[in-house]
Amino acid sequence: GRDEVLTNKNSKIPIVPWFPRDENDVKSLGLLMVVNEENNQYHPQFTDQEYRERREQIAKISEQHVFGQKIPSIDYTQQEEATWKKIYSILREKGNPLLAKRYLKNLEKIEKALGFKYKVPQLNDIDAYLRAETGFRIKATHGILSQREFLNALAHRVFCCTQYIRHHAYPEYSPEPDLIHEVVGHIPLFADKEIADLSQEIGILSCGVEQKDLSRLGTLYWFTLEFGACKENGQIKGYGAGIASSTGELDNFHIANYEKFDPFIHADRTYPTQIVQPTYLYCESFDEVIQELRMFGQSLQKPFGLYYDFVEKELKATKVI
Ligand code: NLE
Ligand code: FE2
């Protein structure tokens, strides 16, 4: 049975950290949220009290979303609508020459379907779009999650997604994920079948893994799906969500350093989370990104293998040592 995989039969002590096994477990994700202590003290997003109150108001609504039920709509203010419109059009303009084709192609498709140019999209509509395209689903959350929860959710093809919008006075760069980052950055990637599958694979690897390897997986997620680049016709293009969602990051992308991605080296590298990236890691092609991450995944030691059962919608163990 289920418990035997997770617990030592004699002692009933879990042999691996808890992870969501089924749809019901997914509902409880987001409760461990840890506050990022590195928060940039000078950014208006953390210093403006009026902004903080509005952010909390939306975060409360998101927190109450029960996975599987309709995601609550947010009545965005005129100022929030204006921030979205302004930054969206700049992102499109600056992103076009710098971002990977497979990202741009998906963004254009969603943009048309959901009218990104004209208004702030609602998560419930995006959820419906993603479900139809790749079977990815959205769970609304109130802020940045622990690495474990965020990655574990991916194992169930669930993307935990914030709904508040970055500060209007400095929309070029948000020091924490916000709706613009999630929607403009991540959604086009989850709408891509291969990237959706890769995300789920990383998620499955993260389930039950010990803390050190979890943090290495989180770092690799950062250097690929958040800030990764790959060559396209000999030129390095960005495909990571954090590049695509920030005009500050796009401006930096021209002048930053590039290094060839090697998961066995870069899994232990540190990176800034409150300022633009000093270095972007690239692969020769997107296929190479997938291959490299798979190779790394195979090197991880876990007491059992896991696969996702699409019919029963739960994770099942393959081998128990
Ligand atoms: N720095 C990103 C942006 O401005 O869109 C958000 C945080 C990404 C981890
Ligand atoms: Fe992100």
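Nearest 10 degrees is fine. How inclined is helix 286-299 to the longest principal axis of the chain, computing both from alpha carbons? Taking Cα atoms only, the helix is inclined about 30 degrees. What you get for segment 207-268, charging only the Cβ of Lys and Arg (+1) and of Asp and Glu (-1), is a dipole of about 120 debye around the Cα centre.
Derived scalar couplings between HN and Hα for segment 75-91 equal 8, 5, 6, 4, 5, 5, 4, 5, 4, 4, 4, 4, 6, 5, 5, 5, 4 Hz in order, rounded to whole Hz, by the Karplus curve 6.51 cos²θ - 1.76 cosθ + 1.60 (θ = phi - 60°), x for Gly and Pro.
Expressed to the nearest 5 percent, the antiparallel share of DSSP beta bridges inside the chain is 50 percent. Rounded, prolate or oblate: which one fits segment 201-283, using the alpha carbon gyration tensor with axes a ≥ b ≥ c (rounded when a/c is under 1.5, else prolate when a/b beats b/c, else oblate)? Prolate shape, in that a/c is at least 1.5 and a/b is the bigger ratio.
What fraction of the DSSP beta bridges in segment 199-321 is antiparallel, stated in percent and rounded to the nearest 5? Percentage antiparallel, nearest 5: 60.
Spatially, segment 118-133 and segment 156-178 are offset by 16 Å when compared through their Cα centroids. Comparing LEU123, LEU98, ILE74 along the charge dipole axis of segment 60-151, the residue lying farthest to the positive side is LEU98, per the Cβ-charge model.
Between the listed residues SER174, ALA191, THR247, the Cα displaced farthest toward the positive end of the dipole of segment 163-248, a dipole computed from Cβ unit charges relative to the Cα centre, is found at THR247. Would you compute, from DSSP H runs of 4+ residues alone, the mean residue ellipticity of the chain at 222 nm, taking -39500 (n - 2.57) per run and dividing by the full residue count, rounded to the nearest 500? Value at 222 nm, helices only, nearest 500: -13000 deg cm²/dmol. When peptides 139-147, 268-276 are sorted by average Cβ neighbour count within 10 Å, with the highest value leading, the order is 139-147, 268-276. Using the 1.4 Å probe convention, the accessible area of the chain works out to 46 Å² per residue with neighbouring protein chains retained. Using a probe of 1.4 angstrom, how much of the accessible area of the chain is carbon and sulfur, in percent? Reported share for carbon and sulfur atoms: 52 percent.
Its Cα centre serving as origin, segment 75-181 has a Cβ charge dipole (Lys and Arg +1, Asp and Glu -1) of approximately 480 debye. When segment 251-321 is described by a simple charge dipole with +1 on each Lys and Arg Cβ and -1 on each Asp and Glu Cβ, the residue from ALA267, PHE304, ASN257 located farthest towards its positive end is PHE304. The spacing between segment 207-235 and segment 262-321, judged by their C-alpha centroids, is 6 Å. A probe of 1.4 angstrom, applied to the heavy atoms of all protein chains, finds GLU111 with accessible area near 20 square angstrom. With the simple model of a label 7 Å out from the Cα in the direction of the Cβ, LEU31 to LYS86 spans 4.0 nm. Note on the chain: with charges restricted to the Cβ of Lys and Arg (+1) and Asp and Glu (-1), its dipole about the Cα centre is near 500 debye. Placing dummy labels 7 Å off each Cα toward the beta-carbon, the span from PHE46 to GLU172 is 1.9 nm.
Computed from backbone phi with θ = phi - 60° and the Karplus coefficients 6.51, -1.76 and 1.60, the 3J(HN,Hα) list for segment 153-161 is 4, 4, 4, 9, 6, 10, 10, 7, 9 Hz; x is used for glycine and proline.
The values are calculated or read from the model by the stated rules, or taken from the named source; none is laboratory data. All of these numbers come straight from a predicted model, not from anything done at the bench. Heads up, the Cβs are rebuilt from the backbone with ideal geometry, glycines too, and the neighbour counts pull from every protein chain shown. Heavy atoms of the whole protein, side chains included, go into the accessibility calculation; ligands, DNA and RNA do not. Shrake-Rupley method; radii C 1.70, N 1.55, O 1.52, S 1.80 Å.
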